[in-house]
Every structure is written in structure tokens, then in C-alpha cells.
Amino acid sequence: MIKLAPSILSADYNSLGMQLEAVTKGGADYVHLDVMDGHFVPNLSMGFPIIQSLRKQSGLVFDVHLMVENPKEFIARFAQAGADIITFHVESCADADEVYEIISMIKATGKKAGLALRPDTALATIFEFVPHVDMVLIMSVMPGFGGQDFIANSLDKARELREYVDGPGYKLDIQMDGGINFANVRDVLEAGVNVVVMGSAIFGHSNIHAATKKIKGIFNEYRKTKTKIVIFANGEEDNLDFFAQIVQSAGYIICCDGGANFAAKLGLVPNMIVGDFDSLDTCVKAMYEIEDVTFAKFPVEKNITDLELAVDMALKKSPDEILILGGYGGRIDHFLGIFKH
Ligand code: DX5
Ligand code: ZN
């Protein structure tokens, strides 16, 4: 799920309550609260009172970004003030032990722990903490001020982190903050970011509500371009309800030859059937021939299985996820699992 976190650093504090309401009605998921101490960054911003008073008004997730020296001094108080996520900078810690200590302190308050890194900090610095945090914040400007230009190589960092996280299947959010606008937000999503902070692009807009809605619209459009492909490998399976539930979110269904017999039992019309069609039931074949199903014949000269062919076809569509469902004994042994790339 892609989340939008408007940063109120660029809001008009004279009408903060109303502006927060405008982003909320526009579909904001979080409110991003930048806390600066004039030491870690050369600027001052907000502290506990603002967060406390906004908390009374808002049901949004409060995403507190600490840009302060010695963050551990303040964890308990930000938790009490109403933070839901507390993110601190790896550069504000003396060593790895301190990072672990602060993560534990945040978790002990029952809040989510985020770890941020500046554009001039190597991504590898935070790898060891990935299994322990709920979110990593990649700064795409030097922290301290809103309205700065986006640092383009932050996208490489996000891509690298996304790979690092998805490979072993860690569950954590990747947030990006700084210089994100209408023009570059798609690139940010494409790089694997799923929590997007935007300050001046939203609060500097003449219609804050419309700007928020527009960004959420871009998120929705982007989601639609990402497809989950489900492949039915050969095989029988008793657990039809479970499979029926899984395929509900599929954007595209490929059956491997006899896998189509199985799809037919679920009442599904696949988008494509691959194989030499020797194990495809004649009635099922006839039924699917009158539907809009693509039949991709197994290239006999190539020494590959129909499942390999199906995976090949699926990869050509650049999905964000391929899920292979298979029963007993088929060719599932080649490729069992979920592919993410
Ligand atoms: C910068 C802050 C950001 C800032 C982003 O140090 O951490 O959250 O508000 O503002 P824009 O989107 O204007 O760069
Ligand atoms: Zn921030």
C-alpha cells in the first residue's frame, strides 16, 4: 500500500488546523511532522505542543521525523505527545549500539520505529538495522528545510534498498522525503518507495485539498500499472477455496496446459494458456476457445517446460509479482514460490 505523508513544515501555521483537514479530506494517510533542534540541522521547527494539539484533532498516523541531536532524550515524550511512528537519524547516533538502543526504546513505547539517513550517508550503513525497524527514511535533500531540489541519486538508493528488503522478505516501509513533486513522484514510486513525504508541493499549492487528491490519484494510477500475475501449473488441488481467494487480486492469469482444467473448476477464464496442450481437457479447450484466451503453443524445439514458458511470458509483462500455484507432482518443482522483482 502506497502512503502519502504531507509534511506540515511548509504549512501556513496561522491556519494549520484547516490545512490539516484539507489534506485529510484529500486522502492523506499520514501527517509528517519535522522536528528540528538547530544543532543536528541548521533550523528550528516544531516540538511537543504542536503535535499534542494536532493529535486532539486528527486521526491520521502521526509520522514524526526527528532531526535532533541525542534523540533518545525525547523518545518517550514524543510517544506521549501522540506520535505513531518515530524516525530518528542514523547520523545522530554515536555507534550501532546506540541505534539498537533507540529502536528498542521506541518499540517499548508501542510505537513504530523508523531509521533515517541523509543523502551523504551510504545505504550500507543501515543494512544491519533493516530487520529491526518498521521503516527506513531515505532523505532526498539535506535535512533542514522544505522546498529544496530533489537529489536524483536518491532513487538508486531506494531501488537498492527495495531489492535488499524484498529478497529475504523483510516487512518494512521505505519512505522518501525532500523535493518530491508532481513531476518526479512517479519515479519515486517506481524506485520502490511506498511512503511518500511531500511538503511544499502540497502546502505551497493554491488548493491543498485538490493537490492532495491529485497525488493520491497518481498513486492509484500507478498501482493499476503494477500487475500480479498468477500462474496455474499442472496439478490437482483440493483446496479450491484458498486458490479462489488468492486469484482474486490477480491482474493476469496464465495456465500451464492442464492447469487450465483446474482453473475451469474454479470458474476462471485465464488470459493465456501455454503448453503443447496434451493434457488440456478437450471440453475445457473448446470452452476457452470461445473466450478471449491467448493460446501460446509450447515451442517444441526448445528444451523448456511449460512452466518455464509461462514464467517467461509473465516476465515479459513486467509485473511486480508472479505467484505460481501448483498441485501435486506437476512441474512446480522447477519454480515453486513467489517471485518478486
Ligand atoms: C526536510 C524535511 C522534509 C520537508 C520536505 O528536512 O525533512 O520533511 O518538509 O519538504 P519538501 O517536500 O518541500 O522538500
Ligand atoms: Zn521530514
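Looking at residue 1, is it at pLDDT below 95, of a type outside the set (S, T, N, Q) and open to solvent by 30 Å² or more (accessible area, probe 1.4 Å)? When the stated conditions are applied, residue 1 passes them. Within the stretch 47-68, the set of residues being hydroxyl-bearing (Ser, Thr, Tyr) and open to solvent by less than 50 Å² (accessible area, probe 1.4 Å) comprises 58 only. Among the residues of the stretch 118-127, none qualifies, meaning not one is in a strand (DSSP E or B) and either surrounded by 16 or more Cβ atoms within 10 Å (Cβ to Cβ) or in contact (Cβ under 8 Å) with a residue 12 or more places away in the chain (or both). Summed over the stretch 198-217, the residues that are of a type outside the set (Lys, Arg) and away from ligand 1 (no atom under 15 Å from the Cβ) give a count of 5.
Considering only the stretch 129-166, state which residues are assigned to a helix (DSSP H, G or I) and either open to solvent by 60 Å² or more (accessible area, probe 1.4 Å) or within 14 Å of ligand 1 (Cβ to nearest atom) (or both). I'd like the intermediate steps shown before the answer.
Within the stretch 129-166, the subset assigned to a helix (DSSP H, G or I) is 130-132, 154-166.
Passing the criteria: 131, 132, 154, 156, 159, 160, 163, 164.
Count of the stretch 69-97 residues, restricted to those that are within 15 Å of ligand 2 (Cβ to nearest atom), buried (at least 20 other Cβ atoms within 10 Å of the Cβ) and β-branched (Val, Ile, Thr), is 3.
Applying a threshold of 8 Å to beta carbon distances and a minimum spacing of six or more residues, or different chains, the list of pairs starting in the stretch 257-276 at a residue that is open to solvent by 30 Å² or more (accessible area, probe 1.4 Å) and ending at one that is part of a helix (DSSP H, G or I) and of a type in the set (D, E, K, R) reads 276/306. Per the conditions (1) more than 17 Å from the chain's Cα centre (by Cα); (2) acidic (Asp, Glu); (3) open to solvent by less than 70 Å² (accessible area, probe 1.4 Å), the sole criterion not satisfied by residue 101 is (3).
When the test is whether a residue is farther than 30 Å from residue 129 by Cα, in contact with a Leu (Cβ under 6 Å, 6 or more places away or on another chain) and exposed (fewer than 15 other Cβ atoms within 10 Å of the Cβ), residue 233 does not pass it. When you look at residue 112, is it open to solvent by less than 60 Å² (accessible area, probe 1.4 Å) and charged (D, E, K, R), yes or no? Answer is no for this residue.
The values are calculated or read from the model by the stated rules, or taken from the named source; none is laboratory data. None of these values were measured; they are calculated from a predicted model. Cβ atoms come from the backbone with ideal geometry, glycine included; neighbour counts cover every protein chain shown. Areas reflect the complete protein model, heavy atoms only, side chains present, ligands, DNA and RNA absent. Shrake-Rupley method; radii C 1.70, N 1.55, O 1.52, S 1.80 Å.
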